[in-house]
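The values are calculated or read from the model by the stated rules, or taken from the named source; none is laboratory data. Given the structure is predicted, the values throughout are model-derived calculations rather than measurements. We place every Cβ from the backbone using ideal geometry, glycine too, and count neighbours over all the protein chains shown. Surface accessibility is based on the protein's heavy atoms, side chains included, excluding ligands, DNA and RNA. Shrake-Rupley method; radii C 1.70, N 1.55, O 1.52, S 1.80 Å.
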Amino acid sequence: MKIITVIGARPQFIKAAPVSRVLREKHTELIIHTGQHYDSNMSEIFFEELNIPKPDYYLAVGSGHHGKQTGEMLAKIEEIVLEENPDCLVVYGDTNSTLAGALVAAKLHIPVIHIEAGLRSFNKKMPEEINRIMTDHVSEFLFCPTNTAIENLKNENITHNVFNIGDVMYDAVLYNKKLASEKSNILNEHSLEEKGYHLITIHRAENTDNLENMQNILEAFSKIDDVKVWPIHPRTKHKLESYGIKLEEIPNLKVIDPVGYLDMLTLEASAKKIITDSGGVQKEAYFMKVPCVTVREQTEWVETLEEDANILVGTSVDKILEAVSKDVNPMYREIFGDGHASEKIVELLEK
Ligand code: UD1
Ligand code: UDP
């Protein structure tokens, strides 16, 4: 088979790494990198650390409003797909790069393969929700990480070629965990003690683009005495600058640049708690058995909420503080598959 994979944002590089490794054992894969993420610590570092083959096409689309960013991707991806005429096109998750890849292929009657299909927050104000719904509805093969995702698709009458194969991010964590513990020196670099800090990531538009939400989140952080480490996403950094908000005033907060995957796995595994609005980080907290506090009104990863393994708090200061100080001792279950999602995807495609 000749497969085109379209990726462009940080979490997609991580998701593509294990699948690409298995795909290339028997098939030809061409990678299109849209350039949605372009800073070296948002893109290049992942290709290097995870041994992802260099993209065959780099579109350099960069940042911009949704229409312009997605539109540019559409035009450029279409040219390549027409030229390469692949047997199918693979997309991951729910970013603008996902939607662009899916839409191009569907219009050209090339089967779309959606990995991490069926997730729903039921909040159409989120750009990710629009991207997921649209992508699922034009996909030919839908690889879901959970049973909830399968049910979500059923409720939208999508039942053909829908498979629960587990989560490719779990594959990635299992593959890289040991390497991370051997290679990462991030705890020493920032004088962090094992289980002596909380890890923070905040970047979703529903928080960063809403001043009141950001003010609440930061007020909560300023009331948490423990050490907090925050590898800050460029979106959040730029937004806070535009609001004139300075993070230096928050006690015991270490703001650092975005880190590579191996450092991130180490930061996650050694954290006392993880406070996040990221989709991927909620799951990784679960894989690592580290309690998570999710600063959003909804989560697509509802299974993680059982027994308070993940506590959904929105942006209320009191709820954030209560969840961060709550003693929890959840039973972690194998709800994201067995770490062989990538092999299952390739086997099913070969059939
Ligand atoms: C995108 C996804 C989001 C995902 C996130 C993963 C969409 C609509 N959103 O959000 O679902 O959770 O990626 O991280 O696709 N920027 C840089 N350098 C970079 C990349 C971005 O400075 O390398 C800054 C720019 O100011 C840019 C902003 O971040 O305007 C937002 O980037 P964009 O790719 O539009 O969305 P994300 O917030 O990263
Ligand atoms: N991540 C990383 N370095 C960081 C922050 C996150 O490697 O500084 C990884 C994280 O481990 C996870 C993925 O990026 O695998 C999550 O991506 P992100 O939070 O940007 O997006 P989302 O999952 O919310 O779409």
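Under the combined filter of DSSP loop state and at most 15 neighbouring Cβ atoms within 10 Å, the range 252-335 retains these trypsin sites (Lys or Arg not before Pro): K289, K326, R333.
Surface composition of the range 1-58: carbon plus sulfur atoms contribute 48% of the solvent-accessible area (1.4 Å probe, protein chains only, all chains present).
Accessible surface for the range 246-351, divided over its residues, is 42 Å² per residue with a 1.4 Å probe.
Charged side chains reduced to their Cβ positions (Lys and Arg at +1, Asp and Glu at -1) give the range 1-100 a dipole of some 200 debye around its Cα centre. Take the range 22-148 with all the other protein chains still there, run a 1.4 Å probe, and you get 44 Å² of accessible area per residue. Taking each DSSP H run with n ≥ 4 as -39500 (n - 2.57) and averaging over every residue of the chain yields -13500 deg cm²/dmol at 222 nm.
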